[in-house]
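Quick note: the coordinates plus some simple rules give every number you see, no bench work behind them. All of these numbers come straight from a predicted model, not from anything done at the bench. Here the Cβ positions follow ideal geometry from the backbone for every residue, glycine too, while neighbour counts run over all protein chains shown.
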Amino acid sequence: MTAHTRPRLLSRTGAASVLTLAAFGATNLLPSGAYEAEAASASAKALRVAASKKGSPYRYGAAGPYRFDCSGLTLYSFKRVGKRLPRTAAGQYNR
């Protein structure tokens, strides 16, 4: 790594950290209470569940635990953290 690329890499890392804080940590700073913190916590847990399935094969209409389609992975991840979602991507988007 050269001296010129290192600062850019650090600035990208810093930007990613700020975005992560904004996405997951900022709701804990709001005075509006536990609902936002609970939603952020469930979302972060669901994200970890989904990330643990990296490399699982794609299969149309599959909702896990070994094969997934796009909405199936979302459904599976949120179900594992106790949240209910519609089955289809359109239903999830509308929710």
Task: Environment charge of Gly82, counting only residues whose C-beta is closer than 11 Å and scoring Lys/Arg +1, Asp/Glu -1 - done: +4
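Just check segment 47-95 against the gyration tensor rule for me: Cα atoms, a ≥ b ≥ c as the square roots of the eigenvalues, rounded for a/c under 1.5, and otherwise prolate or oblate depending on whether a/b exceeds b/c. Don't jump to the answer; show the numbers that get you there.
Details: a/c = 2.10, a/b = 1.25, b/c = 1.69.
Because a/c hits 1.5 or more and a/b fails to exceed b/c, segment 47-95 counts as oblate.
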